[in-house]
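Asks: Here it is, the structure in full.
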Amino acid sequence: MKKQFNRMKQLANQTVGRAEKTEVLSDDLLQIERRMELVRLVSHNAHKRLVTCLQGHIGTEAEKRHKKLPLTALSQAMQDGGSQLGEESLIGKMMDVCGEAESRLASELMQHEVQLVRDILEPLNQLAEVDIPNILRQRKQLAKLVLDYDSARARWLQASKSIHFSTNYQATVAKVETLKDEMDEALNKVEMCKDQLSADMYNFSSKEGDYARYYVILVEAQADYHRRSLAALEGVLPTIQAQNDSWMEKPAYGTALEEHLKRSNREIALPLEACVMMLLETGMKEEGLFRIAAGASKLKKLKAALDCSTSQLEEFYSDPHAVAGALKSYLRELPEPLMTFALYDEWTQASNVSDPDRRLQALWVACDGLPKNHKANFRYLVKFLAKLAQDSEVNKMTPSNIAIVLGPNLLWSKTEGTLAEMAAATSVHVVAIIEPIIQHADWFFPDDVDFNVSGMFVAMTPEPDPGPFERRRPGSLVEGDTPRKDSPCLCIFVSVCLCLSPLCLSVSVSRCLCLSPLCLAPL
């Protein structure tokens, strides 16, 4: 019996020593545990943010997901709008074609998001919400089992120490044996849980490369999605461009002459022909044509009407200054001047020839070098300006005056400098180029010109010529109704600067103070 007691005492001492030195997890497992906690947190955050990037509804079928995409709604709205506007509208055509493109983009997006859910979101969710939490639960279970073991061991140790003082030695020894069995069973459970936990932790650590692969798959899937989307867009762009190019109704102002003529199937630019036809009707006797500025609102309206290719221009016939302003604006807004950038040096060199006959010959050579369409439109304009100059005694627009006000709109350098430099260059070169061409228009262009070349303009019925004291003012210079004869005189005097500079804005306005209903103050 004494020997048995000594053996129990020795086992108790050994157990106490082991308990003081034992660590539940090794250092490498503790490190894996800390990293595992961080991986769970960052995986959860990445999953949450990636879900917010999706436009479809997670968990729905592919077809339902496609219908719920904003791109699908946009596509349907565009195609419906195209159907409502019809084939006669360029907007309708563009909405229909582009709506189909948006539908293809929606399909690509749906497939992309389905792939993201399958290959990334679901594995990330499994890792963050299932796999790692399961391992962490095992860790908590191990901690509980260790506590149970520590409790069993403490009871066994306490019982072992009480053997010396026990009055019932046999019963005490039996109790110690029972507690020893409980402690061994608790220790066995600890070891089994620890082995399973260690295996799972090492398995997690070995698969970290697989977990990192999720993010690589994300970027690869995004790259593939954008490539497919780009291919879909590039496939439809030629169709869009072709339909856009085939549309005839485009603005004439600011469009290259060649493009405008080709698109509208015209020989002479519409603004040029329209303005010339209107001026031939009502503007040839107007003093200061091309010099006196038109009303800004009327000019803007006329330009917009010409951009729409309308032939309903009757309201503008009564305002020749607005018509002349629209013609000047068209010439100036051309991306390349009517007399071209390429011939700029040739034109200026010709103007510097001192001998008049040789100068005309050099100008003719430059003129003959104009591209076909530029030459045809330049000929048309010059013939009209020559006709305008025939009435210079009335309208005060001599070839020289016309060259001064229109020259800067016909020819300018590609590397144009400041406004002052442009004006200086104009005074030296352009007037010397344009004036002789207008003076000798029939020599430069011998054949007659049919100004109504398109046949779309019908001559207006001429109005009776007003008396010498009843001549109407240009509509752009007077706002509102014309004063009645029995109303107080509201004559407006407009003084025009005679310097003939194309940049001159010197206009003074005063009101007659005579108040006579019979005032015949001249304009």
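The values are calculated or read from the model by the stated rules, or taken from the named source; none is laboratory data. These figures come from a predicted structure and were not determined experimentally. Cβ atoms come from the backbone with ideal geometry, glycine included; neighbour counts cover every protein chain shown. Ligands, DNA and RNA are stripped out before the accessible areas are found, and what is left, the full protein with its side chains, is counted by its heavy atoms. Shrake-Rupley method; radii C 1.70, N 1.55, O 1.52, S 1.80 Å.
Asks: What's the carbon and sulfur percent of segment 325-424's accessible surface, probe 1.4 angstrom, rounded to a whole number? Could the numbers behind the result be given before it?
Replies: Details: 2210 of 4410 Å².
The computed percentage sits at 50.
Asks: Give the value in nm², to one decimal: projected area of the alpha carbon convex hull of segment 19-153, averaged over all directions. Could you put the intermediate results ahead of the total?
Replies: Values: hull surface 44.4 nm².
Mean shadow area of the hull around the Cα atoms is 11.1 nm².
Asks: Could you please tell me the mean projected area of the C-alpha convex hull for segment 223-315, averaged over all directions and given in square nanometres to one decimal?
Replies: Values: hull surface 36.7 nm².
Averaging across all directions leaves 9.2 nm² for the Cα convex hull.
Asks: Using a 1.4 Å probe on the protein heavy atoms only, what accessible surface does residue 219 show? Give it in Å² to the nearest 10.
Replies: Counting only protein heavy atoms, residue 219 exposes about 90 Å² to solvent.
Asks: How large is the direction-averaged shadow of the alpha-carbon convex hull of segment 50-127, in nm²? All intermediate terms of the calculation are to be shown ahead of the outcome.
Replies: Working: hull surface 20.6 nm².
Mean projected area for segment 50-127: 5.1 nm², to one decimal.
Asks: Which of 121, 239, 156 sits farthest toward the positive end of the charge dipole of segment 107-266, with +1 on the Cβ of Lys and Arg and -1 on the Cβ of Asp and Glu?
Replies: So the residue furthest toward the plus end is 156.
Asks: Just read off the accessible area of residue 94 with the full protein assembly in place, 1.4 Å probe, to the nearest 10 Å².
Replies: Approximately 40 Å² for this residue.
Asks: With a 1.4 Å probe and all protein chains left in place, how much accessible area per residue does segment 102-174 have, in Å²? Show your work: numbers first, answer last.
Replies: On the way: 3760 Å² over 73 residues.
Per residue, segment 102-174 has an accessible area of 52 Å².
Asks: Here's a follow-up. Mind ordering 298-308, 401-411, 74-84 by average Cβ neighbours within 10 Å, highest first? All intermediate terms of the calculation are to be shown ahead of the outcome.
Replies: Details: 298-308: 18.6, 401-411: 23.3, 74-84: 16.0.
Descending mean neighbour count gives 401-411, 298-308, 74-84.
Asks: Please report, as a whole percent, how much of the solvent-accessible surface of segment 174-314 comes from carbon and sulfur atoms (probe radius 1.4 Å). Please list the in-between numbers first.
Replies: On the way: 4050 of 7510 Å².
Answer for segment 174-314: carbon and sulfur cover 54 percent of the accessible area.
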